[in-house]
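Below is one structure; the comments refer to it alone.
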Amino acid sequence: MVGPAVSIRCPACGTPVRAVLAPYPPTQWLPCPTCHRPIPAVVPRDPPPLYTWEVQPELYPALRPPRVPRWSARRIAAGALFGVTLLAVVVAGLFGYYAVLAPEPGRFVASGTVDLTTPSGAVVPAVGATVTVTPETGPVRTTAAAADGTFSIAGLPTGGLAILVQAPGYSPVTVQAFVSTVFSAGATGIAVELARGTGANATTVALTPFPNLEQFVAAIAAGILVLLLVAGLAVYAALRTIRADRPALGIVGGGAGLFAPIALLDLSLASPFPLLLLAVGVGAGLGAVAIALRALQLLQSGPAAA
């Protein structure tokens, strides 16, 4: 391909020079027939060049191709949301397993010691103090404290226990406990100290947040519903984050992960299942990562267009 013909004048001696240029490069050098100095000639184009790199590109080094990060903030946020979903589903499944095992029949023991405070202020074993255990289901069981103040009642069924300790001339004390194959609280190692008083000064001590089996299973069921809701919000936010850059959805999904341990603590499921709460806490950390990444992007770029 033959380039255009140009007419130029030598800047040194003024000799007119006419030549046919090649189509490339943009700047070419022609010898002056009179003074033999090189004359720069630019291939004409429309529109004319505006920058020196258009005329003399060989003077500028080639730029390196941009490096695309292997892991973008959006991918990390989506991965964190998928992690929240996985942990929520696994913990919900384990809660369901424990909810099935909780009503299983069993035989449990209630034991402890009973002391009383004498008028002189001394604390001595409550020999002969009456201990009455009223299970949630089954017959009432009664025993007397031994010479050292200890007591033990075996063969108690699954569920809540009301352990009434009383002695003549002293205020009775009721201890609420709970026993199950998956969680037992307050039934063994009970230490009761009776003070002078009457039945009108009776006190109740709750050693467990679950007074009966029904409330225990109901709390587990509520925890399962919360975790499934968290999993649903997190997986929806993760899928939408992968398909489109939606920082607000990532914040919502991460917030659901942060809400899960708070809800389980409110349902008093921390003491029965500390390891499960720890797993949910890891999910909350992943949710915090998603919130931080998406909130930072939202602050930098503003909300996405609808």
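Evaluate the Kirkwood expression for the hydrodynamic radius of the chain, namely the inverse of the mean inverse distance over all pairs of different C-alpha atoms, and round to one decimal in Å. Before the final figure, lay out each step's value.
Working: mean 1/r = 0.0375 Å⁻¹.
Hydrodynamic radius (Kirkwood, Cα only) of the chain equals 26.6 Å.
What fraction of the DSSP beta bridges in the stretch 108-211 is antiparallel, stated in percent and rounded to the nearest 5? If you can, show how the numbers build up before the last one.
On the way: 27 of 36 bridges.
Expressed as a percentage, antiparallel bridges in the stretch 108-211 total about 75.
Please tell me the relative contact order of the chain in percent, rounded to the nearest whole number, where contacts are Cα pairs under 8 Å and at least six residues apart. Please report the intermediate quantities before stating the final value.
Details: 592 pairs, mean separation 52.3, N = 306.
Worked out over the chain, it gives 17 percent.
Multiply the residue gap between VAL100 and SER152 by 0.36 nm, knock off their C-alpha separation, and tell me the result in nm, one decimal place. Walk me through the intermediate numbers first.
Numbers: separation 52, 0.36 × 52 = 18.72 nm, distance 2.88 nm.
Between VAL100 and SER152, full extension yields 15.8 nm more.
What does the extension gain come out to for ASP115 and SER7, with contour length at 0.36 nm per residue minus their alpha carbon separation?
On the way: separation 108, 0.36 × 108 = 38.88 nm, distance 11.94 nm.
Length gained between ASP115 and SER7: 26.9 nm.
Which percent of the Cα-Cα distances in the stretch 75-228 go past 28 Å?
Values: 4269 of 11781 pairs.
Roughly 36 percent, rounded to a whole number.
So the label point goes 7 Å from the Cα of LEU63 along Cα→C-beta, right? Which residues of the stretch 27-52 then have their backbone N under 18 Å from it?
50-52
If I model a spin label at THR143 and GLN56 as a point 7 Å from the Cα along the Cα→Cβ vector, what separation in nanometres do I get?
With each label point 7 Å from Cα toward Cβ, the separation is 10.4 nm.
State, to one decimal in nm, how far the label point of ALA244 lies from the label point of VAL90, with both points 7 Å from Cα in the Cβ direction.
If labels sit at ALA244 and VAL90, their model points lie 3.2 nm apart.
What distance in nm lies between label points placed 7 Å from Cα along the C-beta direction at ALA295 and THR198?
Inter-label distance under the simple model: 5.9 nm.
Restricting to Cα atoms and excluding each atom paired with itself, what does the Kirkwood estimate give for the stretch 206-255 in Å?
Working: mean 1/r = 0.0780 Å⁻¹.
Evaluated on the stretch 206-255, it is 12.8 Å.
Would you work out the relative contact order for the stretch 218-280, in percent, from Cα pairs under 8 angstrom that are 6 or more residues apart? Show your work: numbers first, answer last.
On the way: 44 pairs, mean separation 22.9, N = 63.
Contact order relative to length: 36 percent.
If you split all Cα-Cα distances of the stretch 177-306 into 10 Å bins from zero, what percentages do you get per bin, shortest first?
Per 10 Å bin, starting at zero, the Cα-Cα P(r) for the stretch 177-306 comes out as 11, 30, 22, 16, 11, 6, 3, 0 percent.
Under the 0.36 nm per residue contour assumption, what length would be gained going from the current alpha-carbon distance of ALA19 and VAL123 to full extension? Mind showing how you got there, number by number?
Numbers: separation 104, 0.36 × 104 = 37.44 nm, distance 12.10 nm.
Going from the current span to full extension adds 25.3 nm.
Diagonalise the Cα gyration tensor of the stretch 5-52 and give the resulting equivalent ellipsoid semi-axes, square root of 5 times each eigenvalue, largest first, whole Å.
Values: eigenvalues 84, 23, 18 Å².
For the stretch 5-52, the semi-axes come out at 21, 11, 10 Å.
Cut-off 13 Å, label point 7 angstrom out along Cα-to-Cβ of GLN215: give me the residues of the stretch 250-290 whose amide nitrogen falls inside.
267-269
No value in this document is a laboratory result; all are computed from the given coordinates. On a predicted model such as this, the values are computed, not experimentally measured, just so you know. Counting neighbours? That spans all protein chains shown, and the Cβs are built from the backbone with ideal geometry, glycine included.
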